[in-house]
1. Between a first residue in segment 304-319 that is under 11 Å from D350 (Cβ atoms) and a second residue that is open to solvent by 10 Å² or more (accessible area, probe 1.4 Å) and outside any helix (DSSP H, G or I), which pairs have beta carbons less than 7 Å apart while being 6 or more apart in sequence or on different chains?
2. Quick check on segment 251-262. Is at least one of its residues modelled with pLDDT under 95, touching a Leu at 6+ places or on another chain (Cβ under 6 Å) and either crowded, with 17+ Cβ neighbours inside 10 Å or not in a helix (DSSP H, G or I) (or both)?
3. Restricting to segment 185-197, what's the tally of residues that are in contact with a strand residue (DSSP E or B) (Cβ under 7 Å, 6 or more places away or on another chain), crowded, with 19+ Cβ neighbours inside 10 Å and touching a residue at least 60 places away in the same chain (Cβ under 8 Å)?
4. Can you report the number of residues in segment 331-357 which are assigned to a loop (DSSP other than H, G, I, E, B) and either among the aromatic types (F, W, Y) or more than 20 Å from G78 (Cβ to Cβ) (or both)?
5. Which residue pairs have Cβ atoms under 8 Å apart, sit 6 or more places apart or on different chains, and have a first residue in segment 203-223 that is closer than 24 Å to D158 by Cβ and a second that is open to solvent by 70 Å² or more (accessible area, probe 1.4 Å) and of a type in the set (V, I, T)?
6. Take the residues in segment 27-41 that are in a loop (DSSP other than H, G, I, E, B) and hydrophobic (A, V, I, L, M, F, W, C), then tell me which one is farthest from A228 (Cα to Cα).
7. Can you confirm whether V211 is in a strand (DSSP E or B) and closer than 24 Å to R125 by Cα?
8. Can you tell me which of (1) out of contact with any Gly (no Cβ under 8 Å at 6 or more places or on another chain); (2) among the hydrophobic types (A, V, I, L, M, F, W, C); (3) farther than 30 Å from Y332 by Cα is the one L49 doesn't meet?
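The values are calculated or read from the model by the stated rules, or taken from the named source; none is laboratory data. It should be emphasised that the depicted structure is a prediction, and the values quoted were computed from it without experimental measurement. Glycine also receives a Cβ, built like all others from the backbone with ideal geometry; neighbour counts cover every protein chain displayed. The area values use the complete protein model at the heavy-atom level, side chains included, leaving out ligands, DNA and RNA. Shrake-Rupley method; radii C 1.70, N 1.55, O 1.52, S 1.80 Å.
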Amino acid sequence: MDFDFTDEQIQLRDAVQRWADKGYDFERRRRIVAAGGFDADAWRELADLGLTGLTVPEVHGGLGLGPVEAMIVMEALGHGLVMEPLAQTLLAAAVLQHHADAALQTDWLPRLAAGDRMVLAHTERRSRHRLDHCTTTATVDGAGWRLAGTKHVVPAGDRADAWLVPARLDGALALFCVERGAPGATTIGYTTQDGSRAADLVLDGAPARLVSRDGDTALAWAVDVGLALACAQAVGVMDRTLALTLEYLNTRKQFGVPIGSFQALRHRAADMKMELELARSMSYYATLKLGEPAPQRRQALARAKVQLGRSMRFVGQQAVQLHGGIGVTDEYVVSHCFKTLTQLELTFGDTLHHLGEVAARMTDDAGVAV
């Protein structure tokens, strides 16, 4: 199997990387964090690059590209520590294309391509990453529906133009779309530990449009797409973290020589590189498995998140330790890498949760052909 990127994919990666390097440097990121964790100008720049419409079909004004291109973009944005929630737009586009009716696709896919923001609001208190835990309810209201409930830690939830919300309808899980400005829908925004923005979404009889009555299938698909994108972003962050660590080892001196010449530290840096490449290969694996049937896809994404979680923790901790005291200061970029990796390890389920997912799906032959 050929894992090399095409010339077009390499050009896409390089274009996004150039923007992140020049237009989203560390000082700009710190200003965005201080201002609340979201920058409308940076989002417009992503839209101008065509990234908000990356996977939207051309008939709806997008570029019509696929999951591999989305992975490439998210890895480049991870390397740049970009906080704006492009992954949520890519996730929403995937959900609408696979589960929404033609009318909802026609209404929203062009808006996503143009830069409107739709985010997934599925986390509730005490859910502990379980997708079947949902106390939000939906009731019929004439030809539509109304939702009641509260969702927590919604990415950039108070900056979204719409939310994808799972809710109980006649005892079964369904997926709905609630638009900003709907009566009964309010948000409470805050910053997260890595400086990005999130919000609680409170729904009190808010009108909604039905995306899918098969909410279990639609939500599982949304989370699996989100997992693949989070894995790709994490690879980019780890790549940046390793590069910064190697630069520090080669410039910081003790006893008149760079500390990178000490064999023990070289071995630790080599271990970081190994963990990065393990994570990169599992990120590719996760993306390539998105087209598989649901059971195989869910197993593959859980496996990938287990490896990514272990790699993120190892690379982040080693980077901080090898930098010494400076590695935890807000003025130095490595501390922000560490916080981003810590948050990504918890995104869509932590390592322990996905280890349980893998174990629950193991068969007697452990998936090995005999």
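1. From segment 304-319, the pairs are G309/D350.
2. yes
3. Total meeting the criteria: 1.
4. Within segment 331-357, the first condition is being assigned to a loop (DSSP other than H, G, I, E, B), and the residues that meet it are 331-332, 347-350.
Remaining after also requiring either among the aromatic types (F, W, Y) or more than 20 Å from G78 (Cβ to Cβ) (or both): 331-332, 348.
Going through segment 331-357 one residue at a time, the tally reaches 3.
5. Taking only residues 6 or more apart or on different chains, the pairs are D204/T186.
6. First, pick out the residues of segment 27-41 that are in a loop (DSSP other than H, G, I, E, B): 35-39.
Cutting the leftovers down to hydrophobic (A, V, I, L, M, F, W, C) gives us 35, 38.
Details: A35: 29, F38: 23 Å.
Going through the qualifying residues, I end up with A35.
7. On the way: in a strand (DSSP E or B): yes; closer than 24 Å to R125 by Cα: yes.
Taking the combined requirement at face value, the residue satisfies it.
8. (3) is the only condition that L49 fails.
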